[in-house]
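Below is one structure, written out as C-alpha coordinates; the observations come after it.
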Amino acid sequence: MAVLAPERTDAGDPPEAPARAARRWPPPRPRVDRIPPLPADRWLSWLLALALGVLALGGRLVGISYPDTLLFDEAYYPPQAYDLLTWGHEYNRGYTFIVHPPLGKWLIAGGEHLFGYTSSGWRFPSAVAGAVAVVVLTRLARRLTGSTLLGLVAGLLLALDGFAFTVSRIGLLDVFLQVFVLAAVACLVVDRDRVRARVRAHRPVPRTGFRLGPRGWRIAAGLLFGCACSVKWSGVYFLAFCAVLSLFWDRAAWREAGVPAPTATALRRGLPGATWALVAVPVLTYLAGFAGWFLGETAQGRWWAQRNPDTAFPFVPDALRSWWHMHVEWWTFHNGLSTPHPWESGPWSWLVNGRPILLWNPQGLTDASGEQVIRYILMVGTPTLWLAFAPALVWTGWRIVARRDPAAVLVAVAVAAGWGTWFLNPERTMFIFYTAPVLPFFVLAVTLVLQDVLGRPGAPPWRRSAGLAAVSGYVAVVAGTFAFFHPVLAGRPLSHAEWLLRMWFPSWF
(Lines give C-alpha, C1' and ligand atoms only; values in the text may rest on other atoms or scores of the structure.)
Protein backbone atom coordinates (compact mmCIF):
# COMPACT_ATOMS: atom_id res chain seq x y z
CA MET A 1 0.00 0.00 0.00
CA ALA A 2 1.46 3.32 -1.04
CA VAL A 3 2.08 5.92 1.60
CA LEU A 4 0.44 9.18 0.60
CA ALA A 5 2.55 12.24 1.20
CA PRO A 6 0.71 15.24 2.69
CA GLU A 7 -0.52 17.86 0.27
CA ARG A 8 1.72 20.85 -0.18
CA THR A 9 0.90 24.50 -0.70
CA ASP A 10 2.01 26.56 -3.71
CA ALA A 11 5.10 27.57 -1.76
CA GLY A 12 6.04 23.92 -1.19
CA ASP A 13 5.11 23.73 2.51
CA PRO A 14 2.92 21.06 4.15
CA PRO A 15 -0.60 22.16 5.21
CA GLU A 16 0.35 22.56 8.86
CA ALA A 17 3.15 25.01 7.98
CA PRO A 18 0.93 28.13 8.05
CA ALA A 19 -0.20 27.26 11.57
CA ARG A 20 3.39 26.87 12.72
CA ALA A 21 4.33 30.14 11.00
CA ALA A 22 1.50 31.95 12.76
CA ARG A 23 2.88 30.84 16.13
CA ARG A 24 6.44 31.86 15.26
CA TRP A 25 7.86 35.27 16.29
CA PRO A 26 9.06 37.17 14.44
CA PRO A 27 6.83 35.95 11.63
CA PRO A 28 8.58 34.84 8.42
CA ARG A 29 8.92 37.32 5.60
CA PRO A 30 6.39 36.82 2.79
CA ARG A 31 7.77 35.10 -0.28
CA VAL A 32 5.71 36.78 -2.96
CA ASP A 33 3.62 39.77 -1.88
CA ARG A 34 5.76 42.32 -0.09
CA ILE A 35 3.46 45.23 -0.89
CA PRO A 36 1.26 45.87 2.16
CA PRO A 37 -2.51 46.29 1.77
CA LEU A 38 -3.99 49.73 2.24
CA PRO A 39 -5.69 50.47 5.57
CA ALA A 40 -9.47 50.64 5.60
CA ASP A 41 -9.62 54.22 6.94
CA ARG A 42 -9.83 55.83 3.52
CA TRP A 43 -11.87 58.93 4.34
CA LEU A 44 -10.31 59.51 7.74
CA SER A 45 -6.83 59.28 6.23
CA TRP A 46 -7.76 61.86 3.61
CA LEU A 47 -9.13 64.22 6.24
CA LEU A 48 -5.98 63.87 8.34
CA ALA A 49 -3.70 64.40 5.35
CA LEU A 50 -5.62 67.49 4.24
CA ALA A 51 -5.62 68.87 7.78
CA LEU A 52 -1.85 68.44 7.91
CA GLY A 53 -1.57 70.22 4.56
CA VAL A 54 -3.68 73.14 5.80
CA LEU A 55 -1.49 73.47 8.90
CA ALA A 56 1.65 73.38 6.74
CA LEU A 57 0.21 76.04 4.44
CA GLY A 58 -0.75 78.26 7.36
CA GLY A 59 2.71 78.01 8.89
CA ARG A 60 4.33 78.92 5.59
CA LEU A 61 2.09 81.91 4.94
CA VAL A 62 2.70 83.64 8.27
CA GLY A 63 5.09 86.50 7.61
CA ILE A 64 5.80 85.32 4.05
CA SER A 65 5.97 88.90 2.75
CA TYR A 66 9.12 89.64 4.78
CA PRO A 67 11.33 90.95 3.40
CA ASP A 68 9.59 92.83 0.63
CA THR A 69 12.63 92.71 -1.61
CA LEU A 70 13.95 90.06 -4.00
CA LEU A 71 15.97 87.31 -2.29
CA PHE A 72 18.77 85.35 -3.96
CA ASP A 73 17.52 83.99 -7.34
CA GLU A 74 14.24 85.82 -6.93
CA ALA A 75 16.15 88.43 -8.89
CA TYR A 76 15.35 86.33 -11.98
CA TYR A 77 12.12 84.38 -11.63
CA PRO A 78 9.51 86.87 -10.32
CA PRO A 79 10.46 89.50 -12.95
CA GLN A 80 10.34 86.87 -15.68
CA ALA A 81 7.00 85.67 -14.31
CA TYR A 82 5.69 89.21 -14.56
CA ASP A 83 6.80 89.28 -18.19
CA LEU A 84 4.79 86.13 -18.79
CA LEU A 85 1.81 87.71 -17.11
CA THR A 86 2.16 90.85 -19.22
CA TRP A 87 3.05 89.54 -22.68
CA GLY A 88 2.57 85.76 -22.51
CA HIS A 89 6.30 85.17 -22.89
CA GLU A 90 9.56 86.32 -21.34
CA TYR A 91 10.42 89.58 -23.02
CA ASN A 92 13.88 89.59 -24.52
CA ARG A 93 15.55 92.87 -23.56
CA GLY A 94 18.97 91.61 -24.57
CA TYR A 95 20.23 91.22 -21.03
CA THR A 96 17.75 88.99 -19.21
CA PHE A 97 18.99 85.77 -17.63
CA ILE A 98 16.59 83.15 -19.02
CA VAL A 99 17.87 79.56 -18.78
CA HIS A 100 14.85 77.54 -17.58
CA PRO A 101 11.54 76.49 -19.14
CA PRO A 102 8.55 78.69 -18.36
CA LEU A 103 6.10 76.54 -16.36
CA GLY A 104 7.48 77.31 -12.90
CA LYS A 105 7.50 81.00 -13.75
CA TRP A 106 3.91 80.73 -14.94
CA LEU A 107 2.99 79.41 -11.50
CA ILE A 108 4.74 82.34 -9.86
CA ALA A 109 2.85 84.60 -12.27
CA GLY A 110 -0.39 83.16 -10.89
CA GLY A 111 0.46 84.56 -7.47
CA GLU A 112 1.41 87.89 -8.98
CA HIS A 113 -1.95 87.98 -10.74
CA LEU A 114 -3.74 87.43 -7.42
CA PHE A 115 -1.68 89.71 -5.15
CA GLY A 116 0.20 91.96 -7.52
CA TYR A 117 3.92 92.27 -8.13
CA THR A 118 4.74 92.04 -4.44
CA SER A 119 6.71 89.66 -2.25
CA SER A 120 3.47 88.03 -1.15
CA GLY A 121 2.43 87.62 -4.77
CA TRP A 122 5.55 85.89 -6.04
CA ARG A 123 5.94 83.71 -2.90
CA PHE A 124 2.35 82.58 -2.38
CA PRO A 125 2.47 79.85 -5.10
CA SER A 126 5.58 78.37 -3.47
CA ALA A 127 3.75 78.07 -0.13
CA VAL A 128 0.83 76.31 -1.82
CA ALA A 129 3.19 73.93 -3.64
CA GLY A 130 5.03 73.12 -0.39
CA ALA A 131 1.75 72.34 1.39
CA VAL A 132 0.57 70.16 -1.50
CA ALA A 133 3.87 68.25 -1.32
CA VAL A 134 3.16 67.49 2.35
CA VAL A 135 -0.25 66.02 1.45
CA VAL A 136 1.10 63.98 -1.47
CA LEU A 137 3.97 62.58 0.60
CA THR A 138 1.51 61.62 3.34
CA ARG A 139 -0.58 59.66 0.85
CA LEU A 140 2.44 58.08 -0.85
CA ALA A 141 4.02 56.96 2.43
CA ARG A 142 0.67 55.50 3.55
CA ARG A 143 0.48 53.44 0.38
CA LEU A 144 4.10 52.28 0.57
CA THR A 145 3.97 51.28 4.24
CA GLY A 146 0.33 50.24 4.58
CA SER A 147 0.03 52.54 7.58
CA THR A 148 -1.89 55.78 7.93
CA LEU A 149 0.19 56.59 11.01
CA LEU A 150 3.47 56.30 9.11
CA GLY A 151 2.01 58.31 6.24
CA LEU A 152 1.21 61.12 8.66
CA VAL A 153 4.67 60.81 10.19
CA ALA A 154 6.29 61.26 6.76
CA GLY A 155 4.12 64.28 5.95
CA LEU A 156 4.75 65.79 9.35
CA LEU A 157 8.52 65.38 9.01
CA LEU A 158 8.43 67.19 5.68
CA ALA A 159 6.25 69.95 7.16
CA LEU A 160 8.71 70.33 10.04
CA ASP A 161 11.82 70.48 7.90
CA GLY A 162 13.51 73.86 7.87
CA PHE A 163 14.73 73.55 4.29
CA ALA A 164 11.27 72.55 3.00
CA PHE A 165 9.80 75.43 5.02
CA THR A 166 12.22 77.98 3.60
CA VAL A 167 12.06 76.83 -0.02
CA SER A 168 8.25 77.11 0.27
CA ARG A 169 8.54 80.77 1.26
CA ILE A 170 10.67 82.08 -1.60
CA GLY A 171 9.90 82.62 -5.27
CA LEU A 172 12.25 79.96 -6.68
CA LEU A 173 11.43 77.12 -9.07
CA ASP A 174 12.60 74.14 -7.05
CA VAL A 175 9.54 73.69 -4.86
CA PHE A 176 7.40 73.30 -8.01
CA LEU A 177 9.82 70.70 -9.31
CA GLN A 178 9.48 68.93 -5.97
CA VAL A 179 5.70 68.70 -5.99
CA PHE A 180 5.46 67.63 -9.65
CA VAL A 181 8.08 64.89 -9.23
CA LEU A 182 6.51 63.65 -6.01
CA ALA A 183 3.00 63.60 -7.49
CA ALA A 184 4.24 61.80 -10.62
CA VAL A 185 5.94 59.09 -8.56
CA ALA A 186 2.79 58.71 -6.44
CA CYS A 187 0.73 58.21 -9.61
CA LEU A 188 3.12 55.52 -10.83
CA VAL A 189 2.83 53.71 -7.50
CA VAL A 190 -0.96 53.75 -7.77
CA ASP A 191 -0.62 52.42 -11.33
CA ARG A 192 1.59 49.62 -10.03
CA ASP A 193 -1.03 48.57 -7.51
CA ARG A 194 -3.87 48.77 -10.04
CA VAL A 195 -1.95 46.58 -12.49
CA ARG A 196 -1.28 43.98 -9.81
CA ALA A 197 -4.97 43.96 -8.90
CA ARG A 198 -6.00 43.46 -12.55
CA VAL A 199 -3.54 40.63 -13.04
CA ARG A 200 -4.67 38.89 -9.85
CA ALA A 201 -8.33 39.25 -10.78
CA HIS A 202 -7.75 37.60 -14.17
CA ARG A 203 -7.52 33.88 -13.46
CA PRO A 204 -6.16 31.86 -15.11
CA VAL A 205 -3.57 34.12 -16.65
CA PRO A 206 -2.62 33.18 -20.25
CA ARG A 207 0.98 32.23 -20.87
CA THR A 208 1.56 35.42 -22.84
CA GLY A 209 -0.41 37.68 -20.52
CA PHE A 210 -3.38 39.79 -21.58
CA ARG A 211 -4.21 43.40 -22.37
CA LEU A 212 -4.32 45.45 -19.19
CA GLY A 213 -6.65 48.09 -20.55
CA PRO A 214 -6.47 51.83 -19.85
CA ARG A 215 -3.82 52.96 -17.39
CA GLY A 216 -4.91 56.46 -16.50
CA TRP A 217 -2.60 56.77 -13.51
CA ARG A 218 0.44 56.10 -15.69
CA ILE A 219 -0.71 58.76 -18.18
CA ALA A 220 -1.19 61.16 -15.27
CA ALA A 221 2.35 60.36 -14.15
CA GLY A 222 3.64 61.18 -17.64
CA LEU A 223 1.79 64.49 -17.61
CA LEU A 224 3.24 65.38 -14.20
CA PHE A 225 6.75 64.34 -15.21
CA GLY A 226 6.35 66.56 -18.27
CA CYS A 227 5.38 69.41 -15.96
CA ALA A 228 8.45 68.71 -13.82
CA CYS A 229 10.71 68.93 -16.86
CA SER A 230 8.89 72.13 -17.84
CA VAL A 231 10.03 73.65 -14.54
CA LYS A 232 13.63 72.44 -14.56
CA TRP A 233 15.42 69.94 -16.76
CA SER A 234 16.59 67.87 -13.78
CA GLY A 235 13.08 66.40 -13.74
CA VAL A 236 14.07 64.26 -16.73
CA TYR A 237 16.25 62.06 -14.50
CA PHE A 238 13.27 61.18 -12.34
CA LEU A 239 11.24 60.47 -15.47
CA ALA A 240 13.86 58.14 -16.95
CA PHE A 241 14.63 56.25 -13.74
CA CYS A 242 10.99 55.82 -12.72
CA ALA A 243 9.90 54.79 -16.23
CA VAL A 244 12.34 51.88 -16.10
CA LEU A 245 11.20 51.03 -12.57
CA SER A 246 7.59 50.97 -13.76
CA LEU A 247 8.46 48.32 -16.36
CA PHE A 248 10.13 46.24 -13.64
CA TRP A 249 6.93 46.52 -11.60
CA ASP A 250 5.00 45.16 -14.59
CA ARG A 251 7.45 42.29 -14.84
CA ALA A 252 6.99 41.50 -11.14
CA ALA A 253 3.20 41.39 -11.59
CA TRP A 254 3.46 38.93 -14.49
CA ARG A 255 6.07 36.86 -12.65
CA GLU A 256 3.81 36.60 -9.60
CA ALA A 257 0.98 35.43 -11.87
CA GLY A 258 3.16 32.54 -13.09
CA VAL A 259 3.76 33.76 -16.64
CA PRO A 260 6.70 31.72 -18.06
CA ALA A 261 8.46 34.70 -19.67
CA PRO A 262 7.65 37.71 -17.47
CA THR A 263 10.27 39.99 -19.02
CA ALA A 264 9.06 39.44 -22.57
CA THR A 265 5.46 39.76 -21.42
CA ALA A 266 6.17 43.02 -19.60
CA LEU A 267 7.82 44.45 -22.69
CA ARG A 268 5.08 43.24 -25.01
CA ARG A 269 2.17 44.32 -22.83
CA GLY A 270 3.68 47.35 -21.15
CA LEU A 271 6.30 48.96 -23.39
CA PRO A 272 3.96 50.38 -26.09
CA GLY A 273 1.75 52.04 -23.49
CA ALA A 274 4.77 53.19 -21.50
CA THR A 275 6.22 54.78 -24.64
CA TRP A 276 3.05 56.79 -25.05
CA ALA A 277 2.49 57.64 -21.38
CA LEU A 278 6.09 58.21 -20.28
CA VAL A 279 7.68 59.50 -23.49
CA ALA A 280 5.10 61.08 -25.79
CA VAL A 281 2.92 62.66 -23.09
CA PRO A 282 5.86 64.32 -21.26
CA VAL A 283 7.25 65.63 -24.57
CA LEU A 284 3.88 67.06 -25.61
CA THR A 285 3.44 68.56 -22.14
CA TYR A 286 6.86 70.17 -22.35
CA LEU A 287 6.14 71.62 -25.77
CA ALA A 288 2.79 72.98 -24.59
CA GLY A 289 4.61 74.97 -21.92
CA PHE A 290 6.25 77.01 -24.71
CA ALA A 291 3.00 78.01 -26.39
CA GLY A 292 3.53 81.64 -25.39
CA TRP A 293 7.08 81.55 -26.73
CA PHE A 294 5.97 80.25 -30.12
CA LEU A 295 3.24 82.90 -30.34
CA GLY A 296 5.36 85.77 -29.04
CA GLU A 297 6.87 88.32 -31.37
CA THR A 298 9.59 89.43 -28.94
CA ALA A 299 10.32 86.18 -27.09
CA GLN A 300 13.93 85.29 -26.32
CA GLY A 301 15.62 83.85 -29.41
CA ARG A 302 12.32 83.54 -31.28
CA TRP A 303 13.73 84.78 -34.61
CA TRP A 304 17.20 83.24 -34.47
CA ALA A 305 16.56 80.93 -37.43
CA GLN A 306 15.42 83.79 -39.65
CA ARG A 307 18.63 85.68 -38.87
CA ASN A 308 20.72 82.54 -39.45
CA PRO A 309 19.21 80.81 -42.48
CA ASP A 310 22.37 78.88 -43.42
CA THR A 311 22.21 76.23 -40.73
CA ALA A 312 21.86 72.47 -40.59
CA PHE A 313 18.45 70.91 -41.28
CA PRO A 314 17.03 73.88 -43.23
CA PHE A 315 13.87 71.87 -43.93
CA VAL A 316 12.89 72.12 -40.23
CA PRO A 317 10.46 75.00 -39.60
CA ASP A 318 12.17 78.18 -38.45
CA ALA A 319 10.31 78.30 -35.14
CA LEU A 320 11.51 74.81 -34.18
CA ARG A 321 15.09 75.58 -35.20
CA SER A 322 15.04 78.73 -33.11
CA TRP A 323 13.54 76.82 -30.19
CA TRP A 324 16.18 74.10 -30.49
CA HIS A 325 19.00 76.65 -30.69
CA MET A 326 17.75 78.30 -27.51
CA HIS A 327 17.83 74.92 -25.77
CA VAL A 328 21.37 74.30 -26.96
CA GLU A 329 22.37 77.63 -25.43
CA TRP A 330 20.69 76.65 -22.17
CA TRP A 331 22.46 73.30 -22.17
CA THR A 332 25.82 74.97 -22.77
CA PHE A 333 25.17 77.33 -19.87
CA HIS A 334 24.11 74.63 -17.39
CA ASN A 335 26.84 72.19 -18.39
CA GLY A 336 29.56 74.81 -18.13
CA LEU A 337 28.40 76.70 -15.05
CA SER A 338 31.47 76.82 -12.82
CA THR A 339 31.57 80.39 -11.53
CA PRO A 340 32.59 80.41 -7.84
CA HIS A 341 29.87 81.47 -5.43
CA PRO A 342 30.17 82.06 -1.67
CA TRP A 343 27.16 79.83 -0.92
CA GLU A 344 27.78 77.00 -3.36
CA SER A 345 27.97 73.43 -2.06
CA GLY A 346 28.60 69.91 -3.35
CA PRO A 347 26.23 66.92 -3.25
CA TRP A 348 28.10 65.19 -0.43
CA SER A 349 27.61 68.15 1.88
CA TRP A 350 23.87 68.35 1.23
CA LEU A 351 23.12 65.36 3.44
CA VAL A 352 24.57 67.06 6.50
CA ASN A 353 23.60 70.70 5.89
CA GLY A 354 27.23 71.36 5.09
CA ARG A 355 26.64 74.67 3.33
CA PRO A 356 23.14 76.14 3.58
CA ILE A 357 22.26 79.41 1.83
CA LEU A 358 22.03 82.76 3.54
CA LEU A 359 19.05 84.52 1.99
CA TRP A 360 18.79 87.65 4.15
CA ASN A 361 20.98 89.39 6.70
CA PRO A 362 20.35 93.17 6.90
CA GLN A 363 22.95 95.17 8.76
CA GLY A 364 22.63 97.95 11.33
CA LEU A 365 19.34 96.88 12.96
CA THR A 366 18.81 97.82 16.60
CA ASP A 367 15.99 97.59 19.13
CA ALA A 368 14.52 100.42 21.21
CA SER A 369 17.41 100.23 23.67
CA GLY A 370 20.04 100.40 20.94
CA GLU A 371 21.04 96.73 21.18
CA GLN A 372 21.91 94.87 17.98
CA VAL A 373 19.07 92.96 16.31
CA ILE A 374 19.66 90.20 13.78
CA ARG A 375 17.05 89.13 11.24
CA TYR A 376 18.67 86.14 9.57
CA ILE A 377 17.01 83.94 6.93
CA LEU A 378 18.99 80.76 6.37
CA MET A 379 17.90 78.01 3.98
CA VAL A 380 18.90 75.11 6.22
CA GLY A 381 17.31 71.76 6.95
CA THR A 382 16.20 70.71 10.43
CA PRO A 383 19.45 69.14 11.72
CA THR A 384 17.86 66.29 13.70
CA LEU A 385 16.11 65.21 10.51
CA TRP A 386 18.89 65.77 7.99
CA LEU A 387 21.55 64.04 10.08
CA ALA A 388 19.37 60.93 9.90
CA PHE A 389 19.39 60.85 6.08
CA ALA A 390 22.71 59.05 5.60
CA PRO A 391 21.99 56.28 8.17
CA ALA A 392 18.49 55.94 6.72
CA LEU A 393 19.92 55.39 3.24
CA VAL A 394 22.15 52.65 4.61
CA TRP A 395 19.10 51.05 6.25
CA THR A 396 17.23 51.37 2.96
CA GLY A 397 20.01 49.44 1.24
CA TRP A 398 19.76 46.74 3.90
CA ARG A 399 16.01 46.44 3.32
CA ILE A 400 16.64 45.98 -0.39
CA VAL A 401 19.29 43.29 0.11
CA ALA A 402 17.65 41.41 2.98
CA ARG A 403 13.97 41.80 2.12
CA ARG A 404 13.82 42.98 -1.50
CA ASP A 405 11.46 45.58 -0.16
CA PRO A 406 9.61 47.50 -2.95
CA ALA A 407 9.31 50.68 -0.90
CA ALA A 408 13.06 50.72 -0.29
CA VAL A 409 13.72 50.10 -4.00
CA LEU A 410 11.57 53.10 -4.91
CA VAL A 411 13.43 55.30 -2.44
CA ALA A 412 16.79 54.15 -3.79
CA VAL A 413 15.78 54.79 -7.40
CA ALA A 414 14.45 58.27 -6.60
CA VAL A 415 17.55 59.17 -4.57
CA ALA A 416 19.76 57.98 -7.43
CA ALA A 417 17.80 60.17 -9.85
CA GLY A 418 17.61 63.27 -7.67
CA TRP A 419 20.91 63.14 -5.79
CA GLY A 420 23.27 60.68 -7.46
CA THR A 421 23.04 62.33 -10.87
CA TRP A 422 24.52 65.56 -9.49
CA PHE A 423 27.83 63.71 -9.14
CA LEU A 424 28.05 63.39 -12.93
CA ASN A 425 29.42 66.94 -13.25
CA PRO A 426 31.30 67.70 -10.03
CA GLU A 427 32.86 70.88 -11.45
CA ARG A 428 29.49 72.55 -11.85
CA THR A 429 28.44 75.29 -9.43
CA MET A 430 25.69 73.77 -7.25
CA PHE A 431 23.51 74.85 -4.34
CA ILE A 432 21.66 73.07 -1.58
CA PHE A 433 18.24 73.98 -2.98
CA TYR A 434 18.88 71.46 -5.77
CA THR A 435 17.89 68.83 -3.21
CA ALA A 436 14.27 70.04 -3.17
CA PRO A 437 12.85 67.34 -5.50
CA VAL A 438 14.69 64.48 -3.78
CA LEU A 439 14.05 65.70 -0.22
CA PRO A 440 10.69 63.84 0.15
CA PHE A 441 12.43 60.57 -0.69
CA PHE A 442 15.10 61.19 1.96
CA VAL A 443 12.19 61.69 4.36
CA LEU A 444 10.67 58.43 3.09
CA ALA A 445 13.95 56.66 3.88
CA VAL A 446 13.73 57.93 7.46
CA THR A 447 10.09 56.83 7.57
CA LEU A 448 11.08 53.28 6.56
CA VAL A 449 13.51 53.22 9.48
CA LEU A 450 10.72 54.39 11.78
CA GLN A 451 8.50 51.64 10.37
CA ASP A 452 10.98 49.04 11.62
CA VAL A 453 11.31 50.87 14.92
CA LEU A 454 7.53 50.79 15.29
CA GLY A 455 7.42 47.04 14.70
CA ARG A 456 5.18 44.76 12.68
CA PRO A 457 1.40 44.88 13.12
CA GLY A 458 1.43 41.36 14.56
CA ALA A 459 4.12 42.09 17.15
CA PRO A 460 3.43 41.71 20.88
CA PRO A 461 1.71 44.73 22.46
CA TRP A 462 4.76 45.70 24.49
CA ARG A 463 6.87 45.78 21.32
CA ARG A 464 4.41 48.02 19.49
CA SER A 465 4.05 50.32 22.50
CA ALA A 466 7.81 50.71 22.83
CA GLY A 467 8.14 51.31 19.11
CA LEU A 468 5.37 53.89 19.12
CA ALA A 469 7.01 55.70 22.02
CA ALA A 470 10.34 55.78 20.17
CA VAL A 471 8.76 57.06 16.95
CA SER A 472 6.77 59.70 18.82
CA GLY A 473 9.88 60.77 20.71
CA TYR A 474 11.86 61.21 17.51
CA VAL A 475 9.10 63.23 15.83
CA ALA A 476 8.90 65.39 18.96
CA VAL A 477 12.65 66.01 18.81
CA VAL A 478 12.37 67.05 15.15
CA ALA A 479 9.44 69.33 16.00
CA GLY A 480 11.36 70.90 18.87
CA THR A 481 14.42 71.46 16.68
CA PHE A 482 12.29 73.06 13.98
CA ALA A 483 10.71 75.38 16.54
CA PHE A 484 14.16 76.29 17.86
CA PHE A 485 15.44 77.16 14.37
CA HIS A 486 12.25 78.83 13.19
CA PRO A 487 13.50 82.40 13.92
CA VAL A 488 16.43 81.99 11.50
CA LEU A 489 14.15 80.40 8.91
CA ALA A 490 11.57 83.20 8.94
CA GLY A 491 13.78 86.21 9.72
CA ARG A 492 12.36 86.91 13.17
CA PRO A 493 14.26 89.45 15.29
CA LEU A 494 16.95 87.90 17.53
CA SER A 495 19.63 89.24 19.80
CA HIS A 496 23.19 88.41 18.87
CA ALA A 497 23.37 85.76 21.61
CA GLU A 498 20.10 84.15 20.52
CA TRP A 499 21.27 84.09 16.91
CA LEU A 500 24.64 82.61 17.85
CA LEU A 501 22.92 79.70 19.65
CA ARG A 502 21.43 78.65 16.31
CA MET A 503 24.65 78.81 14.31
CA TRP A 504 25.82 75.26 14.93
CA PHE A 505 28.57 75.10 12.35
CA PRO A 506 31.04 77.66 10.98
CA SER A 507 29.83 76.96 7.42
CA TRP A 508 26.45 78.44 8.36
CA PHE A 509 27.87 81.96 8.65
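Be a star and scan region 176-215 for residues whose amide nitrogen sits under 13 Å from the point 7 Å along the Cα-to-Cβ vector of Arg268.
Residues 206-212 qualify, since their backbone N sits under 13 Å from the label point.
When a/c reaches 1.5 or more, the comparison of a/b and b/c decides; with that in mind, is region 416-509 rounded, prolate or oblate per its Cα gyration tensor? List each step's numbers first, then the result.
Numbers: a/c = 3.54, a/b = 1.30, b/c = 2.72.
It is oblate, given that a/c is not under 1.5 and a/b is not larger than b/c.
For Arg456, what accessible surface area do you get with a 1.4 Å probe? Give it in Å², rounded to 10.
Surface accessible to solvent at Arg456 totals approximately 90 Å².
Starting from the Cα of Arg34, step 7 Å along the direction of its Cβ; do the same at Phe509; then give the gap between the two resulting points in nm.
Here the answer is 4.8 nm between the modelled labels.
Rounded, prolate or oblate: which fits region 298-456, taking a ≥ b ≥ c as square roots of the Cα gyration tensor eigenvalues, rounded meaning a/c under 1.5, else prolate when a/b beats b/c? Walk me through the numbers on the way to the answer.
Working: a/c = 3.12, a/b = 1.29, b/c = 2.43.
Oblate, because a/c is 1.5 or more while a/b does not exceed b/c.
What number, rounded to the nearest 500 deg cm²/dmol, is the helix-based mean residue ellipticity at 222 nm of the chain, given -39500 (n - 2.57) per DSSP H run of at least four residues and division by all its residues?
Values: 22 runs with 297 residues, N = 509.
Calculated from helices alone, the mean residue ellipticity at 222 nm is -18500 deg cm²/dmol.
Report in % the part of the accessible area of region 125-249 that belongs to carbon and sulfur, leaving out ligands and nucleic acids; probe 1.4 Å.
71 percent
For Arg60, Arg463, give the ranking by accessible area with the largest first, probe 1.4 Å. Walk me through the numbers before you get to the answer.
Numbers: Arg60 5, Arg463 65 Å².
Descending order: Arg463, Arg60.
Can you work out the FRET efficiency for the pair Trp330 and Thr366, with r the C-beta to C-beta distance and R0 = 56 Å, to the nearest 0.05? Walk me through the numbers on the way to the answer.
Numbers: r = 45 Å, r/R0 = 0.81.
That pair, Trp330 with Thr366, gives E of 0.80.
What is the sum of charges around Ala81, taking Lys and Arg as +1, Asp and Glu as -1, for the other residues whose C-beta is under 13 Å from the C-beta of Ala81?
Values: positive: Lys105, Arg123; negative: Asp73, Glu74, Asp83, Glu90, Glu112.
Its environment carries a net charge of -3.
Using a 1.4 Å probe on the protein heavy atoms only, what accessible surface does Leu295 show? Give it in Å² to the nearest 10.
Only protein atoms counted, so the area is about 140 Å².
Please report the net charge: other residues with Cβ closer than 14 Å to the Cβ of Pro39, K and R +1, D and E -1. Walk me through the numbers before you get to the answer.
Details: positive: Arg42, Arg139, Arg142, Arg143; negative: Asp41, Asp193.
Around Pro39, the surrounding residues sum to +2.
What's the extension gain from Val244 to Ala476 if we count 0.36 nm per residue and subtract their Cα-Cα distance? All intermediate terms of the calculation are to be shown ahead of the outcome.
Details: separation 232, 0.36 × 232 = 83.52 nm, distance 3.77 nm.
Roughly 79.7 nm would be gained on extension.
How much accessible surface area, in Å² rounded to 10, belongs to the heavy atoms of Ser338 with a 1.4 Å probe?
Roughly 70 Å² of Ser338 is accessible to a 1.4 Å probe.
Label points 7 Å out from Cα along the Cβ direction at Arg492 and Val352: separation in nm?
2.9 nm
Based on the Cβ-Cβ distance from Leu47 to Asp452, what FRET efficiency comes out when R0 is 25 Å, to the nearest 0.05? Let's see the in-between values first.
On the way: r = 28 Å, r/R0 = 1.10.
Efficiency at R0 = 25 Å is approximately 0.35.
Taking only complete DSSP H runs, can you tell me which helices of the chain stretch 24 Å or more along their own long axis by Cα positions and average at least -0.5 on the Kyte-Doolittle scale? Write out the running numbers ahead of the final one.
On the way: long enough: 42-61 (29 Å, 1.36); 119-145 (39 Å, 0.71); 174-201 (41 Å, 0.91); 235-256 (31 Å, 0.80); 318-335 (25 Å, -0.84); 461-490 (42 Å, 0.95).
Within the chain the helices that satisfy the rule are 42-61, 119-145, 174-201, 235-256, 461-490.
Tell me, what is the per residue accessible area of the chain in Å², probe radius 1.4 Å?
Details: 23570 Å² over 509 residues.
Computed with neighbouring chains in place, this is 46 Å² per residue.
In whole Å, what are the extents of region 114-242 along the principal axes defined by its C-alpha atoms, from largest to smallest?
Computed over the Cα atoms, the extents are 61, 33, 26 Å.
Over its Cα atoms, what ratio of radius of gyration to 2.2 N^0.38 Å does region 269-320 give?
Numbers: Rg = 15.3 Å, N = 52, 2.2 N^0.38 = 9.9 Å.
In units of the globular-protein estimate, region 269-320 measures up at 1.55.
When the accessible area of region 355-509 is split by element with a 1.4 Å probe, what percent falls to carbon and sulfur?
Values: 4350 of 6470 Å².
Here it works out to 67 percent.
State whether the chain is rounded, prolate or oblate according to the following rule on the C-alpha gyration tensor (a ≥ b ≥ c being the square roots of its eigenvalues): a/c under 1.5 gives rounded; otherwise a/b larger than b/c gives prolate, and the remaining case gives oblate. Walk me through the intermediate numbers first.
Numbers: a/c = 2.39, a/b = 1.30, b/c = 1.83.
Oblate, since a/c reaches 1.5 and b/c is not below a/b.
Once the Cβ-Cβ distance between Arg428 and Val62 is put in as r, and R0 is 45 Å, what FRET efficiency do you end up with, to the nearest 0.05?
On the way: r = 36 Å, r/R0 = 0.79.
About 0.80, to the nearest 0.05.
The values are calculated or read from the model by the stated rules, or taken from the named source; none is laboratory data. Quick caveat: nothing in here was measured; it's all calculated off a predicted structure. FYI the Cβ positions are ideal-geometry reconstructions off the backbone, even for glycines, and counts take in every protein chain you see. We work out accessible area using only protein heavy atoms, side chains counted, and drop any ligands, DNA or RNA first. Shrake-Rupley method; radii C 1.70, N 1.55, O 1.52, S 1.80 Å.
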